[in-house]
Amino acid sequence: MARILLVEDEKAIRNVLRNILLNEDPKHSIDEAEDGEQAIEALDGASYDLVLCDIKMPKRDGLEVLAHAMTHYGDTPFVMISGHGDLDTAVGCIRGGAYDYIAKPPDLNRLITTIRQALERKKLVTENQRLRKKVDKKFEMVGESDALESVRAMLEKVAPTDARVLIMGPNGSGKEIVANQLHQFSARSRQPFIEVNCAAIPSELIESELFGHTKGSFTSAIKDRKGQFELADGGTLFLDEIGDMSLSAQAKVLRALQEGSITPVGSGKSVSVNVRVLAATNKNLNVEIAAGRFREDLYHRLSVIVIEVPALNERRDDIPLLAEHFLGQMHGPAKQLSSEAMNHLKQLDWTGNVRQLRNVIERLYILGSNPITGAEAERYA
């Protein structure tokens, strides 16, 4: 079942279209508008899964209705229908954001197929939005401490730009959350976010992982493969644990940043890429540079902006909020921490930072009673 807006100034045609829609699915909810002004009022007052819209109408025509909808309700598919159209009109509708254009009198099979496809597209868009919200919640930045507010203030300034950012902080402090926030609040948020853990990939494979390879370039290269730089084109590439990258790979990353292009392993052809690069490390890169393990020129390329993520021991006031947040993510009956248990957690030395706290909360949830007691916190934390 879908909610559909039918915009047509001729009542007889509205009736025909309504019957077609109801024959397709009797459960469809159909609203009608006989001119452009009524259509815009309907759009402003309700959410629709599909709009069938005539072009030539009194007061405001269908192209004005389409423009209004694309500005305010861009996810709503529009199928434009007109008996006065030509190729230029059809092209104008599609460029204006319409899902499709159908000339009058409409071919019944084509009309039904288009309606089905447009409704399926709307369903996919809605599901993607739901999944995006679910992912966004996973990477929510929880806490109200001064240290975390400083990070948030920096994010607000930096995220909308394309500036490269180096994220510093100890393991488990939430550097990947900062990277995700930078992407989500940027103009690239609808484009790919690709994460590469440089420490988890063997040094002999890191170049192939980042830049791709051609068939036969090495023993196991049985086909061409795109690298993460190319897969992230238009979006964001997050190089986690950049301090563990080999010097040879560092040189190629530097070249990619300088030239805006990459060369797959085994290929002599460059591929242009438009990527915002974020990097993170728990190492002191100045020490790594002095020891000859990290390129100073790459460091300066990556560190246009530096964000320091505080250790959990530096933001103990956030422990109650984080603990409640993690408890709320557990699957099963809701549980609470007693005040004694919470006080115990606030006094611990969190060498593993937020990641360690999440693991402790999961253990307390599984093994503890409800509410989780101070004795249980002492035993299992």
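For this structure, a couple of remarks:
- Within region 171-217, if we keep just the residues that are in a loop (DSSP other than H, G, I, E, B) and of a type in the set (A, V, I, L, M), the residue that is nearest to the chain's Cα centre (by Cα) turns out to be Ala187.
- Residue in region 315-333 that is closer than 27 Å to Leu237 by Cβ and buried (at least 16 other Cβ atoms within 10 Å of the Cβ) present: no
- Pairing each residue of region 262-289 that is within 22 Å of Glu204 (Cβ to Cβ) with any residue that is among the aromatic types (Phe, Trp, Tyr), provided the two are 6+ apart or on different chains, yields C-beta distances under 6 Å for Ile262/Phe211; Ile262/Phe229; Pro264/Phe211; Glu288/Phe294.
- Counted residues, region 1-19 - those being farther than 17 Å from Ala42 by Cβ and not β-branched (Val, Ile, Thr): 5
- All positions within region 157-170 that are in contact (Cβ under 8 Å) with a residue 60 or more places away in the chain, farther than 22 Å from Leu231 by Cβ and either part of a loop (DSSP other than H, G, I, E, B) or not hydrophobic (A, V, I, L, M, F, W, C) (or both): Gly169, Pro170
- Selection from region 297-340 of residues that are within 16 Å of Asn370 (Cβ to Cβ) and not in a loop (DSSP other than H, G, I, E, B): Ala323, Glu324, Phe326, Leu327, Gly328, Leu337, Ser339, Glu340
- Where a residue in region 322-343 is under 15 Å from Leu367 (Cβ atoms) and at pLDDT 95 or above and its partner, wherever it lies, is among the acidic types (Asp, Glu) and surrounded by 11 or more Cβ atoms within 10 Å (Cβ to Cβ), with Cβ under 8 Å and at least six apart: Leu337/Glu324; Ala341/Glu376
- Of all residues in region 207-218, one or more are on the phi > 0 side of the Ramachandran plot, touching a Leu at 6+ places or on another chain (Cβ under 9 Å), of a type in the set (Gly, Ala, Ser) and buried (at least 21 other Cβ atoms within 10 Å of the Cβ).
The values are calculated or read from the model by the stated rules, or taken from the named source; none is laboratory data. Remember, it's a predicted structure, so these values are computed and weren't measured experimentally. FYI the Cβ positions are ideal-geometry reconstructions off the backbone, even for glycines, and counts take in every protein chain you see.
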